[in-house]
């Protein structure tokens, strides 16, 4: 990346996160709007908060890039409210859909542990909103924590939808392995991109980036081994 690209890192990353989110839930939004989850209030509310979060992430990142800090701060209240909505609506789904830790698959257990990580990052980001280097990294690290459901659903529309018609036998043979490569490759890639941004701008890896990736690894270990 060029120096100009590094300066636009958060704008580019937020746009990519929004794109992945829309692609992941494109069936709910465009291709299968009659599915049961689209008439279930808990999923509607959660989906609206989730989409609002990614949209605001793009808006806020670009306001900072354009140096419109005044409007960025005004929208900070709305962003905090949406973050609370994401947290509470996700927690409610965990409570009503999955009955107990033992009933959850490893991915669901990981997502449950990532939720308090997201909430903690957003609380700290709000408390340290005057320290931009900590604030923006906490916002994006918290967002990275919530990518599990997005990446698990983005694989089919982004990869399978075009590979299967072209290479049906190959796609069927490598499906699970290719999914895992996509799922963890993209997820880890976001953390690595933040570390690279740190190194190019600070000549060191920021503590938030280190702590965030450590929580990512520990969460998946705890989810897989319990």
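Nothing in this text is a laboratory measurement; each read-out follows from the coordinates by a stated rule. Small disclaimer: the values here were computed from a predicted structure and weren't measured. So basically every Cβ, Gly included, is an ideal-geometry build from the backbone, and we count neighbours across all protein chains shown.
Taking the fewest neighbouring Cβ atoms within 10 Å as the starting point, the ordered list for 108, 97 is 97, 108. GNM on the chain, alpha-carbon springs under 10 angstrom: the most fluctuating residue among 177, 85, 189 is 177.
Between residue 15 and residue 107, the FRET efficiency estimated from the beta carbon spacing at R0 = 25 angstrom works out to 0.45. Nearest 10 degrees is fine. How inclined is helix 9-24 to the longest principal axis of the chain, computing both from alpha carbons? So the inclination is approximately 20 degrees. Between the helical axis of 207-225 and the longest alpha-carbon principal axis of the chain there is an angle of about 20 degrees. Placing dummy labels 7 Å off each Cα toward the beta-carbon, the span from residue 210 to residue 92 is 4.0 nm.
Per-residue extension of 0.36 nm, minus the Cα-Cα distance of residue 171 and residue 159, leaves a gain of 3.4 nm for this segment. Using the Cα coordinates of the stretch 174-226, the gyration tensor eigenvalues translate into equivalent-ellipsoid semi-axes of 25, 16, 5 Å, sorted from longest to shortest. Kirkwood analysis of the chain, using all unique Cα-Cα pairs, places the hydrodynamic radius at 18.7 Å.
Taking Cα atoms only, the orientation of helix 69-97 departs from the longest principal axis of the chain by about 30 degrees.
Structure remark: mean-square fluctuation, Gaussian network model of the chain, C-alpha springs under 10 Å; the largest value among 114, 216, 184 belongs to 184. Seen from a random direction on average, the alpha-carbon convex hull of the stretch 110-226 projects onto 8.6 square nanometres.
Between residue 67 and residue 179, the modelled labels are 4.9 nm apart [label points 7 Å from Cα along Cα→Cβ]. In terms of its C-alpha gyration tensor, the stretch 127-171 comes out prolate, because a/c is 1.5 or above and the ratio a/b outweighs b/c.
Taking only DSSP H segments of four or more residues, each worth -39500 (n - 2.57), what value at 222 nm results for the chain once the sum is divided by all its residues, to the nearest 500 deg cm²/dmol?
Here the helix-only value at 222 nm equals -27000 deg cm²/dmol.
Which whole number in µm²/s is D for the stretch 73-170 by Stokes-Einstein, with the Kirkwood Rh taken over Cα pairs at 25 °C and 0.890 mPa s? Rounded to a whole number, D works out at 158 µm²/s.
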